[in-house]
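Okay, structure first, notes after.
Nothing in this text is a laboratory measurement; each read-out follows from the coordinates by a stated rule. Everything numeric in this text was worked out from a predicted model, so none of it was measured. Glycine also receives a Cβ, built like all others from the backbone with ideal geometry; neighbour counts cover every protein chain displayed.
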């Protein structure tokens, strides 16, 4: 594939336009403009990987960009549709589990208490997602997410400095010790 096939500049431009023209939505769903700028920067930093995934899922960057532009044009209504009471309740349950997981960052990640919380968290995710399973690839995706600077910054600001690294270590331990058939 040529470099042009990995070019997300049209999508990035759409995100910049969205930030300018839908500031209220950006603040409502990302917390502030700085978080949205971090999101855009993460896309720029990981452009090749995101482009590969976009091509894999949508067939081309152009189709991906068009789908994302459509989603941005209807962002507020899509978010409201997604944020049903049931989804909000699942989010509360997830937040409580992450609060428990990160309550004491000095606790050994291999302890039965911590691993039980991780297991409960994964069970909640699996139960409430149509396409999530506790296989190794899903756990790796969570580990990658919490390893990214964007998510790391959000997790550390919400749960305390070092929380994201702690979560990653707890998830890795879980993967290595509780899901050995899925490495």
_Using a 7 Å offset from Cα along Cα-Cβ at residue 127, what residues in the stretch 89-105 end up with backbone N under 20 Å from the label point?_
89-102
_If R₀ is 25 angstrom, what is the calculated FRET efficiency for the pair residue 106 and residue 158, using the beta carbon separation as r and rounding to 0.05?_
0.85
*Quickly work out the residue 27-to-residue 79 label distance, labels modelled 7 Å from Cα along the C-beta direction, and quote it in nm with one decimal.*
1.2 nm
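Please arrange 46, 144 by counting, for each residue, the other beta carbons lying within 10 Å of its beta carbon, fewest first. Walk me through the intermediate numbers first.
Details: 46 15, 144 12.
By the 10 Å Cβ count, ascending: 144, 46.
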